[in-house]
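Values in this text are rule-based calculations from the coordinates and carry no lab data. Since the model is a prediction, treat every value here as computed from it, not as a measurement. When we count neighbours, we look across all protein chains shown, and the Cβ atoms used for this are built from the backbone with ideal geometry, even at glycine.
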Amino acid sequence: MIVAIHQPVYLPWLGFFHKMHSSDIFVLLDDVAFSKNSIENRNLVKTPKGKLWLTVPVRTKGRYGQLIKDTEIDNSKNWAEKHWKSISLNYGRAKFFPKHAPFFETLYSTKWSRLIDLNVKIIDYVANSFGIKTKTVFCSSLEVSEKGTIRLVNICKKLGADTYLSGIGARAYQDDSLFERAGIKILYQHFTVRPYPQLYGGFLPNLSAIDYVFNCNAEGAFNME
C-alpha cells in the first residue's frame with residue numbers, strides 16, 4: 001500500500017493531485033506549523049500579463065508556531081471577492097469555465113473561518129473533478145507526535161504502508177535509511193507539467209490546477225509524466 005503526505009495547500013498545482021492520484025492513502029499534514037506566505041495560503045493563476053498570486057490573508061500576530069489546522073483567515077480584508085473577481089475575469093473565456101464556475105462562485109461567497117476548511121473544500125472538488133478516489137486522512141487524527149523523517153515513517157507504519165511516495169525535493173533533507181530500517185520502500189514522485197491549452201499566449205507551467213480544470217476539464221491530467 002502506497003502512502004503519500006502533503007500539507008493541505010491553497011489552490012494546489014497539478015503535481016499535488018498527481019501525488020494523490022498515485023497513492024492509496026493521502027495524508028493531509030494539518031498538524032505542523034503554518035508557514036507564512038507559502039503555498040499553504042497562496043498560489044498562482046494566469047492573466048494576460050502573466051502570473052498572478054492569489055493570497056488568502058491569515059491571522060499571524062501573536063500566533064507564531066500555530067498549526068495549519070488552527071490557522072484563521074483574516075476576514076477583515078475583502079480577499080474572497082477579489083479572488084473570485086480575478087478568477088472570473090481571467091478564466092471567463094476558458095472552455096470549461098462555465099462547468100466549474102458555480103462551485104467557485106459559491107466557494108468565494110461563503111465566509112470561511114479556518115484556512116484548512118477552505119483548502120480542503122477546494123482539494124476535494126478538484127480531486128473529484130479528476131476522478132481521484134484516493135482515501136484522505138488528516139494527520140492530526142493519527143496522533144503521531146515525532147518530528148522530521150521519523151514522523152513520516154511512523155505515519156506510514158500507523159497506516160500499514162509498505163511504500164512511501166515522497167516529493168522529489170525531500171531528497172535534500174530526508175533520512176531515507178529510517179524508512180529502510182522500518183521495511184518501507186521509498187518512491188520519489190517524478191512529475192513535470194507538459195504544455196496544455198491555456199489562454200493568453202505562451203504556456204506557463206506550475207500554476208494552480210484550476211488553470212488546467214478551466215482550460216482542459218479533467219482530460220489527460222496525469223498523462224504528462
Review point. In deg cm²/dmol, rounded to 500, what helix-only [θ] at 222 nm does the chain give when every DSSP H run of at least 4 residues adds -39500 (n - 2.57) and the total is split over its residues?
Key: -10000 deg cm²/dmol
**Study point:** Dipole-positive endmost among Leu54, Ala209, Val9 within the chain (Cβ charges, Cα centre)
**Key:** Leu54
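About its Cα centre, how strong a charge dipole does the chain have in debye, to the nearest 20, once Lys and Arg get +1 and Asp and Glu get -1 at the Cβ? Present the calculation step by step, with values, prior to reporting the outcome.
Working: 29 positive and 20 negative charges, 137 e Å.
Rounded to the nearest 20 debye, it is 660 debye.
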Point to revise | ³J(HN,Hα) computed for each position of the range 160-175 - Karplus, 6.51 cos²θ - 1.76 cosθ + 1.60, integer Hz, glycine/proline x | key: x, 6, 9, 9, 10, 8, 10, x, 5, x, 6, 3, 6, 9, 7, 9
Study note, to complete from the structure: With Cα coordinates, the longest principal axis of the chain makes an angle with the long axis of helix 79-91, in degrees rounded to 10, of 70
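Just add up the charged neighbours of Leu107: K/R +1, D/E -1, any other residue whose Cβ is under 13 Å from the Cβ of Leu107. Please list the in-between numbers first.
Values: positive: Lys111, Lys121; negative: Glu81, Glu105, Asp117, Asp124.
Net local charge, Leu107 excluded: -2.
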Study note, to complete from the structure: The long-range amide H neighbours of Thr47, using H built 1.01 Å from N in the peptide plane and a cut-off of under 5 Å, are Leu52
Check your understanding: Against the longest principal axis of the chain, how steep is helix 115-129, in degrees 0 to 90 to the nearest 10, with axes from Cα atoms?
Key -> 80
Review point. Pairs Lys19/Lys133; Lys46/Lys133; Lys158/Lys185; Lys19/Lys185; Lys85/Lys133: which are spaced more than 20 Å apart, C-alpha to C-alpha?
Key: Lys46/Lys133; Lys85/Lys133
Practice item. Can you check what the net charge comes to around Glu72, using other residues whose Cβ is under 15 Å from the Cβ of Glu72 (Lys, Arg +1; Asp, Glu -1)? Key: +3
Revision key, fill the gap. Distance in Å, no decimals, from the C-alpha centre of the range 24-38 to the one of the range 135-151 is 10
Practice item. Quote the relative contact order of the range 10-66 in percent (integer), defining contacts as alpha-carbon pairs under 8 Å separated by 6+ residues. Key: 32
Check your understanding: What residue among Pro98, Tyr188, Ile25 has its Cα farthest toward the positive end of the dipole of the chain, where the charges are +1 on Lys, Arg and -1 on Asp, Glu, each on the Cβ?
Key -> Pro98
Revision key, fill the gap. For the range 26-135 the chymotrypsin sites (Phe, Trp or Tyr not before Pro) that pass both the DSSP coil test and the at-most-12 other-Cβ-within-10 Å test are Tyr64
Study note, to complete from the structure: Between the alpha carbon centres of the range 168-225 and the range 41-79 the gap in Å comes to 22
Practice item. Just check the range 103-225 against the gyration tensor rule for me: Cα atoms, a ≥ b ≥ c as the square roots of the eigenvalues, rounded for a/c under 1.5, and otherwise prolate or oblate depending on whether a/b exceeds b/c. Key: oblate
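Fully extended, how many nm does the chain gain between Tyr173 and Ser113 (0.36 nm per residue separation, minus their Cα-Cα distance)? Show your work: numbers first, answer last.
Numbers: separation 60, 0.36 × 60 = 21.60 nm, distance 3.35 nm.
Stretched fully, the Tyr173-Ser113 segment lengthens by 18.2 nm.
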